[in-house]
Amino acid sequence: MAEQKKHEALNVEAALTQSEAFLIKHKNVVIGIVLAIILIIAGVVLYKNFYIAPREEKAQAALFKGQQYFESDAYEQALNGDSIGYIGFKKIADEYSGTKAANLAEAYIGICYAHLGKYDEAVKALDKFSGDDQMVAPAMKGAMGNCYAELGQLDKAASLLLKAADEADNNSLSPIYLLQAGEILVKQGKYDDAINAYTKIKDKYFRSYQAMDIDKYIEQAKLLKK
């Protein structure tokens, strides 16, 4: 037993000696790696605190004024700015790209264009928005679906509305998009698909406002199918 412990001690001592020898031999390399890691970490922290954070703050401040115009239905001013310092959603998205505020500005740009009847521009802006929020992200898909419907691209419209309904998966948004998709599908003569969309409202979102008279839509689609 004593011999075994002595042997283990010698092995540990040998390993330590080898490690020390390695560190001595490659001291400059090791120090260089450590310094590089420290500089990278410091750089990331400085970048976030002294570049990203101030830009985000400025973008949010600019966005606030645009939201006021938007809520007042002043869509042109919200998009393009005014003569008293507000730069507009379009410039916010461009000048502060990479910030959360710029991303949200793209959503506002799309909705403003939709309200102004500029559906091609609306789709392009809405497509730039990225997010995984269970309310905002599906709402942007739903808005795109409605824009495509206005442009007469009914396949894209119905597809996006159905996706928006699935992603939202709630009684507030999903029944709205399913009903809109169903109406488009009826126009296309895709009655079975329309019935499926309406039936989903009846079965899954029966607490929603849209479910109150969904039977009427189901029966109309069934009659048209005959």
Report yes if some residue within the range 46-54 is buried (at least 16 other Cβ atoms within 10 Å of the Cβ), out of contact with any Leu (no Cβ under 6 Å at 6 or more places or on another chain) and at pLDDT 65 or above; otherwise report no.
-> no
Of all residues in the range 176-194, count the ones that are within 18 Å of Met140 (Cβ to Cβ) and of a type outside the set (A, V, I, L, M, F, W, C).
-> 2
Of all residues in the range 180-189, count the ones that are buried (at least 20 other Cβ atoms within 10 Å of the Cβ) and either hydrophobic (A, V, I, L, M, F, W, C) or not in a helix (DSSP H, G or I) (or both).
-> 4
Out of curiosity, is Ser130 at pLDDT below 95, closer than 22 Å to Lys118 by Cβ and hydroxyl-bearing (Ser, Thr, Tyr)?
-> yes
Filter the helices (runs of 4 or more DSSP H) completely within the range 67-173 down to those with at least 1 residues that are under 20 Å from the mean Cα position of the chain (by Cα) and crowded, with 20+ Cβ neighbours inside 10 Å.
-> 89-95, 100-115, 119-128, 136-150, 154-168
Which of the residues belonging to the range 190-217 are farther than 16 Å from Asp155 by Cβ, out of contact with any Ser or Thr (no Cβ under 6 Å at 6 or more places or on another chain), part of a loop (DSSP other than H, G, I, E, B) and not polar (S, T, N, Q)?
-> Phe206, Arg207, Tyr209
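The values are calculated or read from the model by the stated rules, or taken from the named source; none is laboratory data. Note that the structure is a prediction, hence the values are computed from the model and not measured. Note: ideal-geometry Cβ built from the backbone for every residue, glycine included; neighbour counts use all protein chains shown.
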